[in-house]
Amino acid sequence: MKITLVNDENEFDTQAAWRVIGEILHNPWAVIGLSTGRTTKNMHLRIARIFQEYPFDLSNVTFFGLDEITNVPREYAGACYTMLRTELIDALRIEDRNFILPPTQSDNFDQECIRFQKALEYRGGIDLQILGLGWNGHLGFNQPGTPFESETWVSQMDEVLEARIRQETQTPPDIQLGGLTLGIKNIMQARKIVLVAKGESKAEIVRAMLRGPVTPDIPASVLQLHPNCEFLLDAAAAQYI
Ligand code: GLP
């Protein structure tokens, strides 16, 4: 396992940004999976800033988000589509055809899952997947208990997140909210993975992910088995390992 430790948040964001830029320089046709949340926000802004100062060729790079909330407006500020657009995709002037995310609204999400997965396969599969770490070890929207064999699917999101999204979007209880996500199997098929975690609140789960048993109860523990996964951690997140 490759574990990279950095001292502070500033270095963390820079290092994380360089992982994406390095991949693009190495492979101008790269297919790169992004992850949303507090951990990756500054890293996205940093990539955008570096691009503005030192532009690099992005015409053949594909970006996608590994998960999305279902049954909310795509323009909702918490939708992965809108987060990725505002934090990174628009600033990099990525063409629509090179930014892949399933819709937030559909009559047939099973079909959307297949379409999403096929679109990535069509482009040759995932070269680099950036992963955030959920508070309980979830990856994307794959909650504890998700089988390692899972492929792109719509999961039930955890109660806390669901309550927040429901309130922010004024979604009534009869409309089901879900988390469309690459499955664990799809994630494990990425050629390279960088798991990013920062802050004290992640310290316990980082330890469980790296030092505990490999188990579906902690989905991120499966990354111990990936042949090319780097764990990028700041000192606060790494304090118990
Ligand atoms: C959500 C997303 C995940 C992300 C996680 C971490 O659950 N679905 O893809 O990795 O949040 O979020 P944060 O970085 O805010 O802790």
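The values are calculated or read from the model by the stated rules, or taken from the named source; none is laboratory data. For clarity, every value in this text was computed on a predicted model and none was experimentally measured. For neighbour counting, all protein chains shown are included, and Cβ atoms are generated from backbone atoms with ideal geometry for every residue, glycine included. We work out accessible area using only protein heavy atoms, side chains counted, and drop any ligands, DNA or RNA first. Shrake-Rupley method; radii C 1.70, N 1.55, O 1.52, S 1.80 Å.
So the values come out like this:
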read-out	value
Subset of the range 207-233 (residues that are in contact (Cβ under 8 Å) with a residue 12 or more places away in the chain and of a type in the set (Val, Ile, Thr))	ILE218, VAL222
Entirely in the range 1-103, the helices (runs of 4 or more DSSP H) that have 2 or more residues that are over 13 Å from the mean Cα position of the chain (by Cα) and either within 16 Å of LEU131 (Cα to Cα) or in contact (Cβ under 8 Å) with a residue 12 or more places away in the chain (or both)	9-26, 38-53
Some residue of the range 192-199 being within 27 Å of TYR76 (Cα to Cα) and more than 16 Å from the chain's Cα centre (by Cα)	yes
Residue that is least open to solvent (accessible area, probe 1.4 Å) [pool: residues in the range 13-24 that are out of contact with any helix residue (DSSP H, G or I) (no Cβ under 8 Å at 6 or more places or on another chain) and more than 16 Å from ILE126 (Cα to Cα)]	GLN15
Pairs, first free of Cβ contacts under 8 Å to residues at least 24 places away in the same chain in the range 192-206, second within 9 Å of the ligand (Cβ to nearest atom), C-beta under 6 Å, six or more apart	none
Among (1) within 22 Å of GLU75 (Cβ to Cβ); (2) free of Cβ contacts under 8 Å to residues at least 12 places away in the same chain, the one test that GLN176 misses	(2)
Some residue of the range 56-77 being on the phi < 0 side of the Ramachandran plot, more than 15 Å from the ligand (Cβ to nearest atom), of a type in the set (S, T, N, Q) and open to solvent by 10 Å² or more (accessible area, probe 1.4 Å)	yes
